[in-house]
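Taking it in order: structure first as structure tokens, then the write-up.
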Amino acid sequence: MPAKPVGARKAPARRPLGVRERAVANGYRSGLEDKIAEELARKGHEVNFETIKIPFVQPVKPRTYTPDFVLRNGIVIETKGRFMTDDRQKHKLIAAQHPDLDIRFLFSNAKTKLSKGSPTSYGAWCEQYGFLFADKAIPQEWLDEAPCEKRIAALGAVAKPTTKKPTV
């Protein structure tokens, strides 16, 4: 058998990208965001991912919230795999400070409990605080809703553009 050249190595086999790695490669932070962007594009909707910022005041410090998706009809879609305490507090503040915004949640599983041992699910929290929500995919009714002047005006009054451009 011929000797192996010194320093020669076999190239490591490439494994396929995982869901999150693929999402990050496409400019998203989660597989759910990537999936929803693909769904919007497939259904002929413009993909406006994190293209605006909405200011809100967290006690003692001004902050901004960057929604995941904004539909042409003025509906704001926030995708969540995990719905942490900070997220819930932030959205209660935003709703109180911008009551005309229509922020809706899209969970990977709305039946997930807020924490271990909690009787409250993500969906139940949304119902308690007046947010619409869905599981896994944007309901067609949300996409088909007519544009709402009040929603669009509310967005226009507070939205600050980000450096991101629509991807589709």
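The values are calculated or read from the model by the stated rules, or taken from the named source; none is laboratory data. Since the model is a prediction, treat every value here as computed from it, not as a measurement. Heads up, the Cβs are rebuilt from the backbone with ideal geometry, glycines too, and the neighbour counts pull from every protein chain shown.
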Task: Condition met for Leu155 (under 19 Å from the mean Cα position of the chain (by Cα), surrounded by 18 or more Cβ atoms within 10 Å (Cβ to Cβ) and over 27 Å from Pro59 (Cβ atoms)) - done: no
TODO: Considering every residue within region 106-119, establish whether at least one is touching a Ser or Thr at 6+ places or on another chain (Cβ under 7 Å), modelled with pLDDT of 95 or more and among the charged types (D, E, K, R).
DONE: yes
TODO: Considering each residue of region 137-168, count those that are closer than 21 Å to Phe107 by Cβ, without any contact (Cβ under 8 Å) to a residue 40 or more places away in the chain and part of a loop (DSSP other than H, G, I, E, B), and give that number.
DONE: 1
Open item on the list: Here are the criteria: (1) surrounded by fewer than 18 Cβ atoms within 10 Å (Cβ to Cβ); (2) among the hydrophobic types (A, V, I, L, M, F, W, C); (3) touching an Asp or Glu at 6+ places or on another chain (Cβ under 8 Å). Tell me which single one Ala124 does not satisfy.
Closed with: (3)
TODO: Looking at (1) modelled with pLDDT of 85 or more; (2) part of a loop (DSSP other than H, G, I, E, B), find the lone condition where Leu93 falls short.
DONE: (2)
Task: Residue ranges of strands (runs of 3 or more DSSP E) in region 1-85 with at least 1 members polar (S, T, N, Q), modelled with pLDDT of 95 or more and surrounded by 18 or more Cβ atoms within 10 Å (Cβ to Cβ) - done: 75-80
Task: Filter result for Lys111 (in contact with a strand residue (DSSP E or B) (Cβ under 7 Å, 6 or more places away or on another chain), exposed (fewer than 14 other Cβ atoms within 10 Å of the Cβ) and closer than 16 Å to Thr79 by Cα) - done: yes
- [ ] Please determine, by comparing only the residues of region 127-144 that are closer than 23 Å to Glu33 by Cα and out of contact with any helix residue (DSSP H, G or I) (no Cβ under 9 Å at 6 or more places or on another chain), which one is surrounded by the most Cβ atoms within 10 Å (Cβ to Cβ).
- [x] Trp142
TODO: Scan region 98-110 and report the pairs whose first residue is of a type in the set (A, V, I, L, M) and whose second residue is surrounded by fewer than 18 Cβ atoms within 10 Å (Cβ to Cβ), with Cβ atoms within less than 6 Å and a gap of 6+ or a chain change.
DONE: Leu106/Ala134; Ala110/Asp135
